[in-house]
Amino acid sequence: MKIAVCPGSFDPVTYGHLDIIRRSSRLFDRVVVVVMTNASKTPLFTREERIRLLRRVTADLSNVEVDSYGGLLAEYTRTRGADVIVKGLRALSDFEYEFQMALTNRKLYPDAETVFLTTTAEHMYLSSSLVKQVAVLGGDISGFVPACIQEDILRKVERMDKNDG
Ligand code: PNS
């Protein structure tokens, strides 16, 4: 049984992430999407909110589960008995950082391979920070995230606006 871990901050999940998760679910027996901490980002959504949104958008994928972990990806991959870490690559600009992470993870846990899936052309430009910016400024996010989570994102941003006065 081939188990793949699909890590990320998912703040929030976008069509770009979903595309990578969907394609992974066809390549591997089991896919564990894991919400993790990126030391260089401050998330807008709580870990629980990010998990809830991910579970909703992956509900139709029977071999996909959603989890979270606050420690090292290599450690999580080992404890889950996973063989593969799947990452999406959007553009050349992602490559250096992803390459560095893949090599670090290999050093920490040599039994897992990092596999890069190239993002489909239509999702090339998409990122969670772009979705947040558009939502905060009152733009239409329907082209970026599934309909079933749009309300949650807009509500979160609304609350943020009110809190900021
Ligand atoms: O969606 P992101 O923010 O690009 O995901 C990056 C993430 C969360 C996968 C990465 O920061 C990570 O693996 N964090 C867990 C902590 C860890 O293992 N750090 C060392 C990785 S080389």
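The values are calculated or read from the model by the stated rules, or taken from the named source; none is laboratory data. All values reported here derive from a predicted model rather than from experimental measurement. Positions of Cβ are backbone-derived with ideal geometry, glycine not excepted, and every protein chain shown enters the neighbour counts. These accessible areas exclude ligands, DNA and RNA; they are computed on the full protein's heavy atoms, side chains included. Shrake-Rupley method; radii C 1.70, N 1.55, O 1.52, S 1.80 Å.
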Next item on the list: Would you calculate, for the chain, the mean residue ellipticity at 222 nm contributed by helices, counting each DSSP H stretch of 4 or more residues as -39,500 (n - 2.57) and dividing by all residues, to the nearest 500?
Entry: -14000 deg cm²/dmol
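With the full set of protein chains in place, find how many percent of the accessible area of region 70-129 is carbon and sulfur; take the probe as 1.4 Å.
Numbers: 2090 of 3650 Å².
Accessible surface attributable to carbon and sulfur in region 70-129 totals 57 percent.
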Check: Measuring from label point to label point, each 7 Å out along Cα→Cβ, what is the Leu103 to Asp29 span in nm?
Finding: 3.3 nm
Checklist line | For the chain: accessible area per residue (Å², 1.4 Å) | finding: 55 Å²
Next item on the list: Indicate the gyration tensor shape class of region 1-89 (rounded, prolate or oblate), computed on the Cα atoms with a ≥ b ≥ c the square roots of the eigenvalues: a/c under 1.5 is rounded; otherwise a/b larger than b/c is prolate and the rest oblate.
Entry: oblate
Note to self: With +1 on the Cβ of every Lys and Arg and -1 on the Cβ of every Asp and Glu, and nothing else charged, how large is the dipole of region 1-140 about its Cα centre, in debye rounded to the nearest 20?
What the structure shows: 160 debye
Note to self: Please list, by residue number, everything in region 111-140 whose backbone N is under 16 Å from a paramagnetic label point 7 Å out along Cα→Cβ of Leu154.
What the structure shows: 131-140
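Given the convex hull over the Cα atoms of the chain, what projected area results after averaging over all orientations, in nm²?
Details: hull surface 38.1 nm².
Mean orientational projected area (the chain, Cα hull): 9.5 nm².
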Margin query: Let's test this: bin the Cα-Cα distances of region 83-165 at 10 Å from zero up to the farthest pair and state each bin's percent.
Written below: 15, 33, 26, 22, 4, 0
Check: Check Glu113: other-chain or 5+ apart residues with amide H under 5 Å from its amide H, H built from backbone geometry?
Finding: Val84, Ile85
Margin query: Test of understanding: in a Gaussian network model of the chain with alpha carbons linked when under 10 Å, which of Thr14, Thr119, Thr46 would top the mean-square fluctuation ranking?
Written below: Thr46
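At 0.36 nm per residue, and after removing the present C-alpha to C-alpha distance, how many nm does the segment from Tyr125 to Leu61 gain when stretched out fully?
Working: separation 64, 0.36 × 64 = 23.04 nm, distance 2.48 nm.
Length difference between fully extended and current span is 20.6 nm.
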Notebook entry, point to check: Summing Lys, Arg as +1 and Asp, Glu as -1, what charge do residues with Cβ under 11 Å from the Cβ of Lys2 carry, Lys2 excluded?
Noted result: -2
